[in-house]
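Accompanying notes for the structure given below.
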Amino acid sequence: MYRFQMLGEFRALLSQYNIGVEEVRGERGGIPYRGLLYTALDTNGDKAVAAPLKSSVFGRAVGVEELERHMVRCAERFKKGGERLRLRRRVEDALNEATSEQTLRECLRTCRIDLFLRRNDAGRIVGVTFIDHETRYVVNGSRLGKAYSANAFEQRFGNRQSSNTDMQSRKREPSNERHDMRNSRNTRGRKF
């Protein structure tokens, strides 16, 4: 039901429901494989103590090939539709009212938009994703324009976030990024 253009945007959406997704690649017996693993996340956004499930358990609709086709269709629709301008306008209005990261989150929630920030180990904002539950679009901030990119958010809110934000889930990831709302870990090389 939701539209996204990258696996990272899909990961941000799933984290809202305590689900993680990881792409796995490898070779077994000389035959390359590529797939997705879905994992349960605990309340801190870490992997729960449960076995990950291959996408094939749920059917082709949530496998790599179908998700890639979905992302291409969403990208075409996003370019043609007015959702980008509408979302940008709502985020801009919220940014004009916000004095802190927490007030920005509250302003966006009144518009049914969730803010998903990724931070590196030093706490620097390295990624911004907006999840619009009304239009069902998941969009990285840089797609809306330079003013909505990670650098712009770092300049505005960097290391000044309220203690009430979702910071408890910041854990180290192999990619040197961590998510402030939910955390997913990379399992490259894991056989499934």
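The table for this structure:
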| item | result |
| --- | --- |
| Cα pair count fraction exceeding 17 Å, expressed as % - the range 25-72 | 50 |
| Cut-off under 5 Å, modelled amide H: who pairs with residue 3 long-range | 137, 138 |
| Under the Karplus curve 6.51 cos²θ - 1.76 cosθ + 1.60, θ = phi - 60°, whole-Hz ³J(HN,Hα) for the range 131-138, x wherever Gly or Pro sits | 10, 8, 6, 7, 8, 6, 10, 10 |
| ³J(HN,Hα), Karplus 6.51/-1.76/1.60, whole Hz, each residue of the range 118-125, x for Gly, Pro | 10, 10, 7, 4, 7, x, 6, 6 |
| Where trypsin sites (Lys or Arg not before Pro) fall in DSSP loop in the range 64-143, at most 16 other Cβ within 10 Å | 112, 124, 136 |
| Chymotrypsin sites (Phe, Trp or Tyr not before Pro) restricted to the range 1-91 and DSSP loop, no more than 12 other C-beta within 10 Å | 17, 58 |
| Sequence-distant residues sharing a close amide H with residue 127 (under 5 Å, placed H) | 118 |
| Cα gyration tensor shape for the range 40-100, rounded if a/c is under 1.5, else prolate or oblate | oblate |
| In sequence order, calculated HN-Hα J values of the range 49-55 (Karplus, 6.51, -1.76, 1.60; Hz; x Gly/Pro) | 6, 7, 6, x, 10, 5, 4 |
| Three-way shape call for the range 1-159 based on the alpha-carbon gyration tensor, with the a/c threshold at 1.5 | prolate |
| Residue 40 long-range amide H proximity, modeled H, under 5 Å | 20, 48 |
| Net charge of Cβ neighbours under 13 Å - reference residue 96; Lys, Arg +1; Asp, Glu -1 | +1 |
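We did not get these values from a lab; they are worked out from the coordinates using the rules stated. This structure is a prediction, so every number in the text was calculated from the model and none was measured. No Cβ is skipped: glycine too gets one built from the backbone with ideal geometry, and neighbour counts run over all protein chains shown.
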